Amino acid sequence: MIEDARGEQLGFAKGQPYAHPDQPEYDGELNKIYLLRAHHRRGLGRMLLGHVARRFLAQGIGSMLLFGDAQNPSNGFYEALGAVRLYAANGEFHGGYGWRDLKKLAAMCPEA
Ligand SMILES: CC(C)(COP(=O)(O)OP(=O)(O)OC[C@H]1O[C@@H](n2cnc3c(N)ncnc32)[C@H](O)[C@@H]1OP(=O)(O)O)[C@@H](O)C(=O)NCCC(=O)NCCS
């Protein structure tokens, strides 16, 4: 969770362990990431993502995926931060992204 100086909540992110045979190379899942629109594009999303990555690394989780929406304008954010697209068996893209190396991601994101 991220707050301003007055304690107003500006956004949050949630990660959880992931274990599914469809994507065996990923062991963490970014379940949610959200910031109030007025606070977009100020680096706060990068900070939140870095926080999730470091929390996972501290738990021995070294990779992470997310299941989003192929049309989400936020996909540019994931791609700017090094996520690769995950494709379905039929080659379609449904909005899934993955980071195979959370150390690399953490290095791209400042400490919160
Ligand atoms: C996704 C989200 C958390 C990004 O947060 P943010 O604080 O705006 O992102 P940042 O300012 O940290 O951006 C980090 C990098 O990603 C890039 N980026 C951010 N949003 C982008 C967008 N919509 N399109 C393309 N690139 C984007 C930025 O250019 C930035 O790189 P740079 O500043 O080094 O050039 C925010 O847009 C959001 O809450 N969106 C709505 C909720 C949502 O769709 N969540 C996903 C489903 S749960």
Under the Karplus curve 6.51 cos²θ - 1.76 cosθ + 1.60, θ = phi - 60°, whole-Hz ³J(HN,Hα) for region 31-47, x wherever Gly or Pro sits: 7, 8, 8, 7, 9, 4, 4, 5, 10, 5, 6, 10, x, 6, x, 4, 5
Taking neighbour Cβ counts within 10 Å as the exposure measure, how do 1, 64, 108, 47 sort from fewest upward? 1, 108, 47, 64
Enumerate the calculated ³J(HN,Hα) couplings along region 70-85 in order (Karplus 6.51 cos²θ - 1.76 cosθ + 1.60, θ = phi - 60°), each rounded to whole Hz, writing x wherever the residue is Gly or Pro. 4, 9, 5, x, 6, 4, x, 5, 4, 5, 4, 9, x, 6, 9, 6
Among 100, 41, 6, what is the fewest-to-most ranking by other Cβ atoms within 10 Å? 6, 41, 100
Taking amide H positions as placed in the peptide plane 1.01 Å from N, state which residues far from residue 95 in sequence (5 or more) or on other chains have amide H under 5 Å from it. 70
Quick one: 3J(HN,Hα) in Hz for region 20-28, Karplus 6.51/-1.76/1.60 with θ = phi - 60°, rounded, Gly and Pro as x. 8, x, 5, 9, x, 7, 10, 10, x
Give me, ordered by chain and number, the residues 5 or more places off residue 62 or on other chains with an amide H under 5 Å from its own placed amide H. 27
Sort all Cα-Cα distances of region 2-108 into consecutive 10 angstrom bins from zero, then give the percent of pairs in each bin up to the one containing the longest distance. 14, 47, 30, 7, 1
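Values in this text are rule-based calculations from the coordinates and carry no lab data. Given the structure is predicted, the values throughout are model-derived calculations rather than measurements. Methodologically, a virtual Cβ is constructed for each residue, glycine included, from the backbone with ideal geometry; neighbour enumeration extends over all protein chains shown.
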